1. Tell me, what HN-Hα J-couplings in whole Hz come from the Karplus equation 6.51 cos²θ - 1.76 cosθ + 1.60 at θ = phi - 60° for each residue of the stretch 139-144, using x for Gly and Pro?
2. Under 14 Å from the Cβ of E126, count the other residues' Cβ atoms, weight Lys and Arg +1, Asp and Glu -1, and hand me the total.
3. Can you tell me what the convex hull of the Cα atoms of the stretch 3-181 projects to on average, as an area in nm²?
4. Can you give the helix-only mean residue ellipticity at 222 nm for the chain, where every DSSP H stretch with n ≥ 4 adds -39500 (n - 2.57) and the sum goes over all residues, rounded to the nearest 500 deg cm²/dmol?
5. Within the chain, which is the longest segment that contains none of the trypsin sites (Lys or Arg not before Pro) sitting in a DSSP loop with at most 16 other Cβ atoms within 10 Å?
6. So what is the relative contact order of the stretch 1-127, in percent, for Cα pairs below 8 Å that sit 6 or more residues apart?
7. Could you tell me the center-to-center distance, by alpha carbons, between the stretch 41-75 and the stretch 128-181 in angstrom?
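Readers should treat all values here as calculations from the given coordinates under stated rules, not as data from a laboratory. What you see is a predicted model, and the numbers here were worked out from it, not measured in a lab. Please note: Cβ atoms are built from the backbone with ideal geometry, for glycine as well, and neighbour counts cover all protein chains shown.
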Amino acid sequence: MNTNVVSALSRGAWVLIVFGIIAVLFGLVAIAWPGRTAVALAWAFGVMALAEGVTSLIALFRKDVPISKGWVALYAVASIAFGCLAVLNPLAVAGVMLMFLAAWLIVAGIFRIIFAIRVRKQVANEWLLGLSGALAIVLGVMLIAYPGAGLVTMALWIGVAAMIYGVLQILTGWRMRKVTQRF
């Protein structure tokens, strides 16, 4: 194996292992404190939106912007407004984002049911699509009825996903490290 490739794999292995450990730790924190995690994620989205907004404001003064300056200004203002709101009141933003998710689930569920009815003669087992639509509607209604539980549940799922991702990163990094030690 080429020494440059071995060297790159060796560095990449450690990066994967470190990222994996960070992801597992994040997952553990998200599972241990799901309410705080939901608020922290909304706050993090706010910080990212503020950064996007400031970057877009700076782009307004450049001559080589490929998008209309009106759109850039609108995007900058919307990003800064959302960012400020999310940083100052992350719990409210998390709740609003959850309500958007709930509304989308209800609309998606209705769509799936209608689609299943329309294709019932052409598709076998279309009732599964209809059932998935009904479940989406139920989930959307439950998120509206119990938003606190919805936020906690989302944070728990994010925590579990982060842990799985982290373990996979660690395993991949460990395997890459073993491969590079042979050379």
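1. Per residue, the Karplus-derived 3J(HN,Hα) values read 4, x, 5, 5, 5, 5 Hz.
2. Spelling it out: positives minus negatives among the neighbours equals +4.
3. Approximately 16.5 nm², given one-decimal rounding.
4. Working: 6 runs with 159 residues, N = 183.
Value at 222 nm, helices only: -31000 deg cm²/dmol.
5. No qualifying site falls inside 1-61, the longest such stretch.
6. Once normalised by length, the contact order is 23 percent.
7. 30 Å
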